[in-house]
Amino acid sequence: MGFISMTNVQFDNFLINFGFGTKAEKQEILKANPEKHVIMDLTCYDPQDFYDEYPQLKGTFAALFCDEAKKIEVHCLKHEPEVIAKFKELGFTPVETTIVSCGFIFPRTIVQIINEAHFALEEEVASKEDINRAMKFGVNYPKGPFEWSEGKELYVKTLLFELLQKTGDKRYVASKLIK
Amino acid sequence: MNISKVIVIGAGTMGSGIAQWFTQVGCSVELTDNSPAQSEKALKDIHASWDKLAEKGKLSNVDELKKRLKVSALDHLSKDADLVVEAIIENLEIKKDLFKKLDAHFAPHTILSSNTSSFPIALMAEAVSDKRKPQFLGLHFFNPATIMKLVEVIKGKDSSEQLCRDLYAWFDSKDKKPALCKDSPGFIVNRVARNFYGEPLRIVEQEDEAKIKEVDHILKEVGGFKMGPFELMDLIGIDVNYSVTCSVWEAYGKEPRFAPHKLQKQMVDEKRFGRKAKRGFYKYD
């Protein structure tokens, strides 16, 4: 699928898995580490599916749209101070959430904005530059939709597909320009 | 392109902001409203805003600005304006009726534009003569117009492409951030921004104060948005936001991507309109 390679960070009894692998790749990592407490990036999937199947999974996070501010959405089944401290040590600012949602909160919201921007481009409503500019200067978005999606189209498409599969709602059908 | 004389019709929040901005960038502006009292109130508020800026040392030419902005009666507008911006009530028939009169009143070179956020430019252009049609387009400003940089320059079916490009360049030269777009429902912002509200509503699914707070928190902290979607809906007005959502949804043939959420309707039915009603997703006592 062309996903970027994953990286594992191990400490104490924890393993933090970074990267945006396929579902099967993510499952392989969990199967290979039954004794560890795994914290895994599951930006493009529904964490609940993994929690239900893999008791070693103790937390999940979403780093897909992580930028220079290095803020990431983190969900832990119970408060894990060591994990939060480790993220900080690695240079991240973890922001904890209690909501388990396919695509988390920020990625799920942003992929829908990105998708709509692509539909608008597909219909030649405006150029990429003007759509970015409109969202930044009309409603103060920190970035334009195409700036968020640059180089991440495959993951955006994966998450939209996952949301479509989970909900059956056609609102998640991806624009054909997201490749 | 030379835009030196501008007429703004409608002295509500948008119209007065637009008039203030055009004056500040060097144009001579006439502001008018079907209610003379509203025009006078707007003028007084704009003067007060300039005086305040002058007190803070942010404005030095207040007297000159005051001379360049005047209030005119609707039937006594100068005929030689370069640009007319309509910012009246969002009612298609009233707007069409107005544009018909404006078309007959103004010089052939005058550009007629609408600040509408909801009606197709093509529908309003039906009211003007064929000669005027190339000089007719949408100019969608954002509130507050003196601060928000975006102007959507909307090319209608018959709008001159050159005119749109020239206006784009003119706004760009005046420190606005124009975006050129096609005449389609919601233009850019009101279309692309729909899911900033629609998706968080589906994440929380039902009223849950803790979840609502958390979603706002995450989108501000992680996403870098200045306001969370629920705070923003409360500020805009749940009724206003719901109405825009429904209008875009209808205009796109009930496309599921724009579908309103049941919670929006429920809150509108219960008159929980947000800040202005002191009750929305949050309580404002």
Quiz item: Within segment B:134-146, which residues are surrounded by fewer than 20 Cβ atoms within 10 Å (Cβ to Cβ) and more than 19 Å from residue B:10 (Cβ to Cβ)?
Solution: B:134
Quiz item: Do we have any residue at all in segment B:218-225 that's in contact (Cβ under 8 Å) with a residue 40 or more places away in the chain, more than 7 Å from every other protein chain (Cβ to nearest Cβ) and of a type in the set (Lys, Arg)?
Solution: no
Exercise. Evaluate segment B:96-115: report whether one residue or more is assigned to a helix (DSSP H, G or I), aromatic (Phe, Trp, Tyr) and closer than 23 Å to residue B:168 by Cβ.
Key: yes
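Listed here are the residues, each with its yes/no results for (1) facing chain A (nearest Cβ under 8 Å); (2) farther than 30 Å from residue B:2 by Cβ; (3) in contact with a Pro (Cβ under 6 Å, 6 or more places away or on another chain); (4) touching a residue at least 24 places away in the same chain (Cβ under 8 Å).
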{"residue": "B:166", "(1), (2), (3), (4)": "no, no, no, yes"}
{"residue": "B:187", "(1), (2), (3), (4)": "yes, no, no, yes"}
{"residue": "B:227", "(1), (2), (3), (4)": "no, yes, no, no"}
{"residue": "B:238", "(1), (2), (3), (4)": "no, yes, no, yes"}
{"residue": "B:243", "(1), (2), (3), (4)": "no, yes, no, no"}
{"residue": "B:259", "(1), (2), (3), (4)": "yes, yes, no, yes"}
Practice problem: Tell me which residues, restricted to segment A:136-179, are of a type in the set (Val, Ile, Thr) and buried (at least 16 other Cβ atoms within 10 Å of the Cβ). | Solution: A:139, A:156, A:158, A:173, A:178
Exercise. With respect to residue A:62, determine if the residue is within 14 Å of chain B (Cβ to nearest Cβ) and of a type in the set (A, V, I, L, M, F, W, C).
Key: yes
Self-check item: Residue in segment B:172-185 that is surrounded by the most Cβ atoms within 10 Å (Cβ to Cβ), counting only those that are in contact with a Pro (Cβ under 9 Å, 6 or more places away or on another chain) and more than 7 Å from chain A (Cβ to nearest Cβ)
Solution: B:183
Practice problem: Please enumerate the residues belonging to segment B:208-264 that are of a type in the set (Lys, Arg) and assigned to a helix (DSSP H, G or I). | Solution: B:211, B:213, B:220, B:257, B:262
Self-check item: Residue, modelled with the lowest pLDDT, within segment B:45-61, restricted to residues that are loosely packed, with under 15 Cβ neighbours inside 10 Å and among the small types (Gly, Ala, Ser)
Solution: B:60
Quiz item: Which of the residues that make up segment B:195-210 are under 17 Å from residue B:258 (Cβ atoms) and either of a type in the set (Gly, Ala, Ser) or more than 7 Å from every other protein chain (Cβ to nearest Cβ) (or both)?
Solution: B:197, B:198, B:201, B:202
Quiz prompt | Spans of helices (runs of 4 or more DSSP H) in segment A:74-179 with at least 2 residues facing chain B (nearest Cβ under 10 Å) and free of Cβ contacts under 8 Å to residues at least 12 places away in the same chain | solution = A:106-122, A:128-138
Quiz item: Do the conditions hold for residue A:67, that is, is it acidic (Asp, Glu), closer than 21 Å to residue A:94 by Cα and in contact with a strand residue (DSSP E or B) (Cβ under 8 Å, 6 or more places away or on another chain)?
Solution: no
Practice problem: Among residues belonging to segment A:53-95 that are acidic (Asp, Glu) and at pLDDT below 95, point out the one that is surrounded by the most Cβ atoms within 10 Å (Cβ to Cβ). | Solution: A:80
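The values are calculated or read from the model by the stated rules, or taken from the named source; none is laboratory data. From a predicted model like this one, the values you see are computed outputs, not experimental measurements. Cβ: placed from backbone, ideal geometry, glycine included. Neighbour counts: every protein chain shown.
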